[in-house]
Ligand SMILES: Cc1cc2nc3c(=O)[nH]c(=O)nc-3n(C[C@H](O)[C@H](O)[C@H](O)COP(=O)(O)O)c2cc1C
C-alpha cells in the first residue's frame, strides 16, 4: 500500500497554525482516498534533538508532502535546516519517491509562493526524488478564521480537488507533467488589508504601543 508522510513545518510554537490545519485536511482527504498518511511536526522533531525516527519514516514512504508558511518570500530557516540534515544523513533516494508541497502566505496573491515551491523542487532533485507539483495558497490566515464562510467555498473546493489529484498521482505508475496549483480566496483585497491593519493596531495597543510606533525603524542609522 502506498503511504505518505506529511511534514507540518510551521515554526509556530504551541499555537494553531495554518500549516497544521492544512496538514490535517490533507491527511483526512488522502486517507479517505486510500492513501494512509502520518504527520510529522518539524518544529517538535527538531527541538527533541533526535530526528532519526522522523528521517527513517520519511525515507520509507512512497510520497512526501511538505507544508509550510512563506517567510520573507522563501521557506522558514527551520525547515531549510531540517531538509538539509535529512539530505545529508540519508542521501539520495534509491526508489522513486514523489514529493508535493503546500505553501501558504499572508498576502492575497498565491503566486508569490512560486519561488518557495521551486526550492522544494530543487531539494527533490537533490535527493533524487520526483517533484510532482506544489500548491500556493494566498491569504492563508483565512483558512483558520473563515474556512466555512461562503466566500471560501471555491478555494476550499479547489483545495479538495487538488488533494484528490494528489491521491491519484501517488497511486499511479505514470508520470504525466503536472502544473502547480495557485489558490486565491475570493475576498475584496482592500477589505482584507483593512482587517489586517486593524489587527496590527489592536496588537500594538495590547502591547502598550501607539499606532505610530508600528512604523519605527529601530535599525536605521540617522543621517
Ligand atoms: C517572520 C515572518 C515572515 C513572513 N513573511 C511573509 C512573506 O514574505 N510574504 C507573505 O505573504 N507572508 C509572510 N508572512 C505571513 C505568513 O506566511 C502567514 O501568516 C502564514 O499564514 C502563517 O502560516 P502558519 O500559520 O502555517 O505558520 C510572514 C510571517 C512571519 C511570521
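The table below gives the values:
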{"quantity": "Some residue of the range 113-120 being in contact with a helix residue (DSSP H, G or I) (Cβ under 7 Å, 6 or more places away or on another chain), closer than 26 Å to residue 174 by Cα and buried (at least 20 other Cβ atoms within 10 Å of the Cβ)", "calculated": "no"}
{"quantity": "Any chance residue 13 is surrounded by fewer than 20 Cβ atoms within 10 Å (Cβ to Cβ) and within 16 Å of the chain's Cα centre (by Cα)", "calculated": "yes"}
{"quantity": "Of all residues in the range 189-217 being in contact with a helix residue (DSSP H, G or I) (Cβ under 9 Å, 6 or more places away or on another chain) and in a loop (DSSP other than H, G, I, E, B), the one that is surrounded by the most Cβ atoms within 10 Å (Cβ to Cβ)", "calculated": "209"}
{"quantity": "Which listed residue is closer than 30 Å to residue 60 by Cα, assigned by TED's automatic domain parsing to the domain that holds residue 35 and within 16 Å of the ligand (Cβ to nearest atom), from 128, 164, 113, 180", "calculated": "113"}
{"quantity": "Helices (runs of 4 or more DSSP H) within the range 1-99 that include 1 or more residues more than 23 Å from residue 159 (Cα to Cα)", "calculated": "42-47, 52-60, 77-90"}
{"quantity": "Flag if residue 98 is surrounded by fewer than 14 Cβ atoms within 10 Å (Cβ to Cβ) and either assigned by TED's automatic domain parsing to the domain that holds residue 78 or on the phi > 0 side of the Ramachandran plot (or both)", "calculated": "no"}
{"quantity": "Residue 36 vs. criteria exposed (fewer than 14 other Cβ atoms within 10 Å of the Cβ) and assigned by TED's automatic domain parsing to the domain that holds residue 172", "calculated": "yes"}
{"quantity": "Unique match (being without any contact (Cβ under 8 Å) to a residue 40 or more places away in the chain, away from the ligand (no atom under 16 Å from the Cβ) and assigned by TED's automatic domain parsing to the domain that holds residue 96) among 55, 72", "calculated": "55"}
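The values are calculated or read from the model by the stated rules, or taken from the named source; none is laboratory data. This is a predicted model, so every value here is computed, not measured. Neighbour counts run over all protein chains shown; Cβ positions are idealised from the backbone, glycine included.
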